[in-house]
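Have a look at the structure below before the remarks.
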Amino acid sequence: MQTTIQTSEPSNQVTARLLGFWRTFRKNRGGIVGLWMLVFIILVAIFAPLIAPYDESSSAQTSISDIYQPPSANHWFGTDDAGQDVFSNFIYGARVSLTVGFFAAFISIVIGGLFGLVAGFFGGRWETFLMRFTDIMLVIPDLPLMVVIVALTKPSLLNIIFVIGLLGWTTTARVVRSQT
């Protein structure tokens with residue numbers, strides 16, 4: 001009785017698939033531009049304290065003359081109603097945007113993946129019930145519902161992440177169901 005264990009093949013198979021994906025992806029110019037834009041935004045978010053000309057809480061030192069300033073050499077995008085530099089807020093806002101986007105996408109993928117897997121695996125009444133519930137959720141307009149839910153809850157970054165994540169799972173569920 002002989003037993004052969006192939007441990008190196010899955011690693012080679014994964015590497016081959018990743019290389020194949022990269023070769024195909026490289027040919028798509030729009031995808032490459034999008035990748036570079038995402039890398040740029042991530043780098044801006046990471047190095048925001050080094051890039052931003054003003055602190056994110058610089059409104060404590062502002063005077064009335066700093067309010068609503070037009071773009072200039074000192075304030076590239078001008079100033080807002082609190083006298084804060086809009087360019088600095090823009091740079092620091094990349095951190096918040098990426099945080100909300102990544103965590104909300106993770107929540108959506110988990111919920112949608114579970115719905116799609118359960119519907120596809122069990123089929124029958126489970127599939128009918130879960131996919132009809134998904135259809136109902138697809139019909140409800142997300143943005144007004146998000147605004148209402150966030151307005152009814154305590155406004156916080158965590159609540160915004162959960163609301164976007166809880167309302168964005170429907171497409172993922174349908175795609176996972178179609179592949180199961």
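Where a number appears in this text, it was derived from the coordinates with a stated rule and is not lab data. Keep in mind that this is a model prediction, so the values were computed, not measured. All Cβ positions, glycine included, derive from the backbone under ideal geometry; neighbour counts span all protein chains shown.
Wrap a convex hull around the Cα atoms of segment 97-180, take a quarter of its surface area, and give that in square nanometres.
Hull-based average projected area comes out at 5.5 nm².
Restricting to Cα pairs below 8 Å that are 6+ residues apart, what does the relative contact order work out to for the chain? Please round to a whole percent.
After rounding, I find 20 percent.
Go ahead and estimate [θ] at 222 nm for the chain from helices alone: -39,500 (n - 2.57) per DSSP H run with n ≥ 4, summed, over the residue count, rounded to 500.
About -23000 deg cm²/dmol.
If one computes P(r) from the Cα atoms of the chain, what percent of pairs lie at distances over 19 Å?
It works out to 75 percent of all Cα pairs.
So what are the three principal axis dimensions of segment 84-132 from its Cα atoms, in whole Å, longest to shortest?
58, 15, 8
Which of Asp85, Asp66, Asp135, Asp55 comes first, and how do the rest follow, when ranked by fewest Cβ neighbours within 10 Å?
Sorted ascending by nearby Cβ count, the order is Asp135, Asp55, Asp66, Asp85.
Quick check on segment 24-97: what does the Kirkwood estimate of hydrodynamic radius come out to from the alpha carbon pairs, in Å?
13.7 Å
Consider a paramagnetic label point 7 Å from the Cα of Val33 along Cα→Cβ; state which residues of segment 85-104 have an amide N under 17 Å from it.
None, by backbone N distance to the label point.
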